[in-house]
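The values are calculated or read from the model by the stated rules, or taken from the named source; none is laboratory data. From a predicted model like this one, the values you see are computed outputs, not experimental measurements. Neighbour counts are summed over all protein chains in view; Cβ atoms, including those assigned to glycine, are modelled from backbone coordinates with ideal geometry.
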Amino acid sequence: MAYETLIVEIEDEIALIRLNRPEALNALNAKLMSELTAVLAAADANDKVRCIILTGSDKAFAAGADIKEMAERSFVDVFGGDFFAPEAEALLRVRKPMIAAVAGYALGGGCELAMICDFIIAADTAKFGQPEINLGVVAGLGGTQRLTRFVGKSKSMDMHLTGRNMDAAEAERCGLVSRVVPAKDLISEARKSAAKIAGKSALTVMAVKEAVNRSYETTLREGLLFERRLFHALFATEDQKEGMAAFLEKRTAQFRDR
Ligand code: CO8
């Protein structure tokens, strides 16, 4: 299916979704957000997809929400219409792992979109920032909450209050990204990680995603109990039997998602 703002390829059980509005540095407009949520829901439901990579261009992952589209809106428009709320919720419903492969600018909503993914692999050209303060607004897709959990209060305040960008090295140092790779290798490195994940049991992958995400939303004690119960529950699966038998028999496990 052809999209106006995305290029989508499904190959080797990996869905590669490329944001494609080069004229606006992949700014997130209504069309892009609606196509993105539809594609992600379809990938989540597609048995041929085991991992999703979200990426942009060499110059920009995404330079934020579309300022041209927002500039003339009123409070009644954005609050009354609950601007981007359904899309933000839809992104959180994706159960398959999502890797953000970021080159160039990931600013404002672009940085927030990358943080909604399960982890970020950055090209050495990546620049992250929350410059909304320069526009007279605050982040709206989770930036004040997620960036603070990733990098701590001091750096998050610095980023949000000054609107400065951080480069890939700083983003790796402070834990915003899992690793930095040369820009030319970004997609191949993301594919390698995706292929590793695609080889695991899909049940276990979903359990990991739920457990790690739960750590952001609950107390330590509740999170530990949630994790322990998931660990116990996975003993009801054939994949646990297969995984442990394969280790003991010194062979590669053949998971069947059961
Ligand atoms: N929106 C719309 N158009 C954009 C955006 C954007 N965010 N960013 C860039 N563009 C457009 C430019 O207007 C320009 O178009 P044109 O050629 O027609 O003038 C084209 O992309 C190329 O951009 P530049 O010429 O500016 O390229 P530079 O290389 O000189 O600069 C920058 C690149 C530094 C990335 C610069 O474009 C920039 O500062 N962009 C804006 C970044 C920004 O402020 N982002 C935050 C937006 S607000 C936001 O994201 C809030 C999210 C929360 C929403 C959720 C609500 C619930």
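Could you say which residue among Ile99, Ile67 is touching a residue at least 40 places away in the same chain (Cβ under 8 Å), aliphatic (A, V, I, L, M) and over 27 Å from Asn213 (Cα atoms)?
Every option except Ile67 fails the conditions.
Sort out which residues of segment 113-139 are part of a helix (DSSP H, G or I) and within 11 Å of Phe61 (Cα to Cα), and write them in order of number.
Leu113, Ala114 - these are the residues of segment 113-139 that are part of a helix (DSSP H, G or I) and within 11 Å of Phe61 (Cα to Cα).
I'd like to know if segment 27-38 contains one or more residues that are among the basic types (Lys, Arg), more than 16 Å from the chain's Cα centre (by Cα) and assigned to a loop (DSSP other than H, G, I, E, B).
no
Determine whether Val76 is in contact (Cβ under 8 Å) with a residue 12 or more places away in the chain, more than 11 Å from the ligand (Cβ to nearest atom) and either loosely packed, with under 14 Cβ neighbours inside 10 Å or part of a loop (DSSP other than H, G, I, E, B) (or both).
no
Sort out which residues of segment 189-201 are surrounded by fewer than 20 Cβ atoms within 10 Å (Cβ to Cβ), more than 17 Å from the chain's Cα centre (by Cα) and small (Gly, Ala, Ser), and write them in order of number.
Gly199
Inside segment 117-138, can you point out the residues that are aliphatic (A, V, I, L, M), crowded, with 18+ Cβ neighbours inside 10 Å and touching a Gly at 6+ places or on another chain (Cβ under 7 Å)?
Ala126
Quick check on segment 59-69. Is at least one of its residues within 28 Å of Ala169 (Cβ to Cβ), under 12 Å from the mean Cα position of the chain (by Cα), among the aliphatic types (A, V, I, L, M) and within 13 Å of the ligand (Cβ to nearest atom)?
So far as segment 59-69 goes, no, none of its residues is within 28 Å of Ala169 (Cβ to Cβ), under 12 Å from the mean Cα position of the chain (by Cα), among the aliphatic types (A, V, I, L, M) and within 13 Å of the ligand (Cβ to nearest atom).
Does segment 79-90 hold any residues that are among the acidic types (Asp, Glu) and within 10 Å of the ligand (Cβ to nearest atom), and which are they?
Those that are among the acidic types (Asp, Glu) and within 10 Å of the ligand (Cβ to nearest atom): Asp82, Glu87.
Scan segment 201-256 for residues that are among the aromatic types (Phe, Trp, Tyr) and either touching a Ser or Thr at 6+ places or on another chain (Cβ under 6 Å) or modelled with pLDDT under 95 (or both) and report the count.
The number of residues fulfilling the criteria is 2.
Given the conditions (1) in contact with a helix residue (DSSP H, G or I) (Cβ under 8 Å, 6 or more places away or on another chain); (2) in a loop (DSSP other than H, G, I, E, B), and given that Glu87 satisfies all but one, which numbered condition is not satisfied?
(2)
Return the residues of segment 203-220 that are among the β-branched types (Val, Ile, Thr), within 17 Å of Gln145 (Cβ to Cβ) and either in contact with a Lys or Arg (Cβ under 9 Å, 6 or more places away or on another chain) or not in a loop (DSSP other than H, G, I, E, B) (or both); say none if nothing qualifies.
Hit for segment 203-220 is Val212, nothing else.
Does Val94 satisfy being surrounded by fewer than 16 Cβ atoms within 10 Å (Cβ to Cβ) and hydrophobic (A, V, I, L, M, F, W, C)?
no
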